[in-house]
Amino acid sequence: MQEESATPDGQARRSAATRARLLAAAREIFAADGYQAASTPAIARAAGVSRGALYHQYDDKAALFRDVVATMQAELAERIDAETRMLADDPMAALRTGTLAFLRAASAPDFARIVMIEGPAVLGRDDWSGIDRAAGTATLRDGLAAAMAAGRLAPLPLETLATVLSGAMNEAALLVATAPDPAAALAGAATVLDAVLDGLARPANR
């Protein structure tokens, strides 16, 4: 009887486990040391795998970094979805809650350094923007579309509005992450973004 680890399913599970360990180790090292200082031998050691196993999963450090960025973006989108799911009947409340959840998560030191600061520099603006649109902007777009459909938001071009607001939110998160007083900066950024949503909102009974 063929051992489970030698079967296609067993190999796939083993490969997925290796990638998960590499992603976790790389995320910690990229956050602590930055992309340039991080080395693949250090990441492999921290993950408990060989360099050969790392290069079996990823072509190079840049490919691993890209996967870390994409994974962190996807995790953030899932977090926002979880925090807004129960607010489906009030799309404006969902937008406000999602905006605050984004600011809190995106301004965290590891996310800010890896995704917001080094992400565009390492991956290039076009590739980084594609990852951002597929995760963060897509989540925002869905929230805006729901609010428009409910008549709670001004009927503006959806893609343009999502892109503009996403850019503002990204800049706000960077502002919070680099502020001397992050708590005060977070409160200020949330107030400003709430005011923007107030300007776009329509009364519930309109």
ALA106 meets each of (1) within 30 Å of ASP33 (Cβ to Cβ); (2) open to solvent by 20 Å² or more (accessible area, probe 1.4 Å); (3) in contact with a Leu (Cβ under 7 Å, 6 or more places away or on another chain); (4) small (Gly, Ala, Ser) with one exception, condition (2)
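Every residue, every condition in (1) farther than 25 Å from ASP132 by Cα; (2) of a type outside the set (A, V, I, L, M), yes or no:
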| position | (1), (2) |
| --- | --- |
| LEU23 | no, no |
| TYR55 | yes, yes |
| ALA63 | no, no |
| ARG66 | no, yes |
| GLU75 | no, yes |
Checking ASP33, ASP60, ASP81 in turn, the sole residue that is closer than 16 Å to GLY119 by Cα, among the charged types (D, E, K, R), under 21 Å from the mean Cα position of the chain (by Cα) and surrounded by fewer than 19 Cβ atoms within 10 Å (Cβ to Cβ) turns out to be ASP33
Result of the Cβ filter at 7 Å on the range 103-119, keeping first residues that are under 20 Å from GLY188 (Cα atoms) and partners that are open to solvent by 50 Å² or more (accessible area, probe 1.4 Å), at least 6 apart or interchain, is ALA105/ARG79; SER107/PRO182
Contact list, first residue from the range 126-137 and under 13 Å from MET72 (Cα atoms) and of a type in the set (Phe, Trp, Tyr), second anywhere and crowded, with 17+ Cβ neighbours inside 10 Å and at pLDDT 90 or above, beta-carbon distance below 8 Å, six or more apart or interchain, is TRP128/VAL69; TRP128/GLY119; TRP128/PRO120
Residues of the range 146-166 being within 28 Å of GLY119 (Cα to Cα) and among the small types (Gly, Ala, Ser), in sequence order, are ALA162, SER166
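So which of ARG21, ARG66, ARG27, ARG51 ends up being basic (Lys, Arg) and over 24 Å from ARG113 (Cα atoms)?
Answer to the check: ARG51.
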Restricted to the range 148-174 and to residues being touching a residue at least 40 places away in the same chain (Cβ under 8 Å) and under 24 Å from the mean Cα position of the chain (by Cα), the residue most open to solvent (accessible area, probe 1.4 Å) is LEU174
| said: Within the range 179-188, does at least one residue satisfy the condition of being in a helix (DSSP H, G or I), touching a residue at least 60 places away in the same chain (Cβ under 8 Å) and under 20 Å from ALA93 (Cα atoms)? | reply: yes
Going through the range 181-206 in order, the residues found to be closer than 14 Å to ALA149 by Cα, surrounded by fewer than 15 Cβ atoms within 10 Å (Cβ to Cβ) and among the charged types (D, E, K, R) are ARG206
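Assess whether THR178 counts as being at pLDDT below 95 and among the polar types (S, T, N, Q).
yes
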In the range 128-137, residues that are open to solvent by 20 Å² or more (accessible area, probe 1.4 Å) and either of a type in the set (A, V, I, L, M, F, W, C) or not in a helix (DSSP H, G or I) (or both) total 1
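The values are calculated or read from the model by the stated rules, or taken from the named source; none is laboratory data. What you are looking at is a predicted structure, and each value in this text was computed from that prediction instead of being measured. No Cβ is skipped: glycine too gets one built from the backbone with ideal geometry, and neighbour counts run over all protein chains shown. Only protein heavy atoms, including side chains, enter the accessible area calculation; ligands, DNA and RNA are left aside. Shrake-Rupley method; radii C 1.70, N 1.55, O 1.52, S 1.80 Å.
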